[in-house]
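No value in this document is a laboratory result; all are computed from the given coordinates. Keep in mind it's a predicted model, so treat the numbers as computed, not measured. Here Cβ is always computed from backbone atoms with ideal geometry, including for glycine, and neighbour counts include all displayed protein chains.
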Amino acid sequence: MDQQDQVAAFLADHEMEAPLPYRLLDLASEVGELAKEATTSTDYGTDPGAIEIADDEIGDALFALLSVAEAADVDADDALQQSLAKYERRIEETGEAGSGA
């Protein structure tokens with residue numbers, strides 16, 4: 001069972017299904033919690049070497065992202081492979097992974 005299947009089973013077992021817009025809001029909230037930890041642990045960016053982010057907070061964001069993928073009927077593994085291929089093409093073409101936009 002892959003991670004997306006685990007999340008889907010957990011959501012179903014605990015009757016936690018929700019529409020995609022709610023899943024997206026939850027994802028934004030979880031990413032915001034990561035940003036809050038980064039902000040506070042680095043004293044608002046003045047000490048970047050002091051950054052601390054709890055493993056479970058990354059897990060919460062991953063859970064939320066996989067819940068988004070499930071609600072959107074997107075295979076997260078396929079989406080990741082597409083993204084990696086896109087970055088590889090950009091690196092080959094421009095020398096950088098960013099879109100430059």
Legend entry - Listed residues 88, 17, 57, most fluctuating in the chain (Gaussian network, C-alpha, under 10 Å): 88
Inset, instruction - Compute the Cα gyration tensor for the chain, then decide on rounded, prolate or oblate, letting a ≥ b ≥ c be the square roots of its eigenvalues: rounded whenever a/c is under 1.5, prolate when a/b is larger than b/c in the other cases, and oblate in all that remain. - result: oblate
Inset, instruction - Just report the Cα centroid separation between region 5-62 and region 74-88, whole Å. - result: 21 Å
Inset, instruction - Would you mind computing, in nm to one decimal, how far apart the modelled labels at residue 72 and residue 88 are, each placed 7 Å from Cα along Cα→Cβ? - result: 2.2 nm
Legend entry - Relative contact order (%) - criterion: Cα under 8 Å, at least six apart; region: the chain: 30 percent
